Amino acid sequence: MVFCMLTCLGYYYLVDAGYPNSGGFLAPFKGQRYHLKEWGQGRLEPRTAEELFNMKHCRARNVIERVFGLLKMRWAILRSPSWYPVNIHCRFIMDCCLIHNLIRREMPMDEFLPEDNYQDGPVNLVSPQESRMIEFVDSSDYWVVQRKELADQMWERWTARRRRRVVS
């Protein structure tokens, strides 16, 4: 399963370990603890930057999976595979989130419920020929370095917070 996240540089996908860590695809570190059940018992703490990254990656994917479940119940366009290019597909997702939040803020919950029988065909915003499509996903040294740098930054912040707590 692939999940889209927004970054300051653009879009990337949080992906499971079946995908390579490559341009726009951020995978967990292989061979490290990953699943939430591995972190729950005995309040196990990460021992390395890679384990911390995997823990945060797993938690983010868990939240995103629940959000997508809600969005897919409400918006038919998200219920089936999409041939739209990445930039358009991410806009759909962001728009669905924004409209969902607007509805929750402005309307009572029972006024707007998803219609289970709503069938909607593809919206012809852009043809596949007009935009960049993902043809294949291949491992990238750049993204391997980016993931390692991100993991190291997270580890430094996490260990600094733990040291401050011990001193206090």
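May I ask you to rank Leu150, Leu52 by accessible area, largest first, using a 1.4 Å probe over the protein chains only?
Sorted descending by solvent-accessible area, the residues read Leu150, Leu52.
If DNA, RNA and ligands are ignored and the probe is 1.4 Å, what is the ranking of Tyr142, Tyr19, Tyr12 by accessible area, most exposed first?
Tyr142, Tyr19, Tyr12
Provide the gained length on full extension for the span Met107 to Lys148, in nm with one decimal, where the gain is 0.36 nm per separating residue minus the Cα-Cα distance.
Extra length available between Met107 and Lys148 comes to 10.4 nm.
List the residues whose amide H sits under 5 Å from the amide H of Phe25, counting only those 5 or more places along or on another chain, with H placed 1.01 Å from N in the peptide plane.
Tyr13
Over the Cα atoms of the stretch 51-107, what Rg and Dmax result, in angstrom?
Both quantities, over Cα of the stretch 51-107: 13.4, 42 Å.
Taking the full set of protein chains and a 1.4 angstrom probe, give the accessible area of Lys72 in square angstrom, rounded to the nearest 10.
Result for Lys72: roughly 80 Å² accessible.
The values are calculated or read from the model by the stated rules, or taken from the named source; none is laboratory data. On a predicted model such as this, the values are computed, not experimentally measured, just so you know. Areas reflect the complete protein model, heavy atoms only, side chains present, ligands, DNA and RNA absent. Shrake-Rupley method; radii C 1.70, N 1.55, O 1.52, S 1.80 Å.
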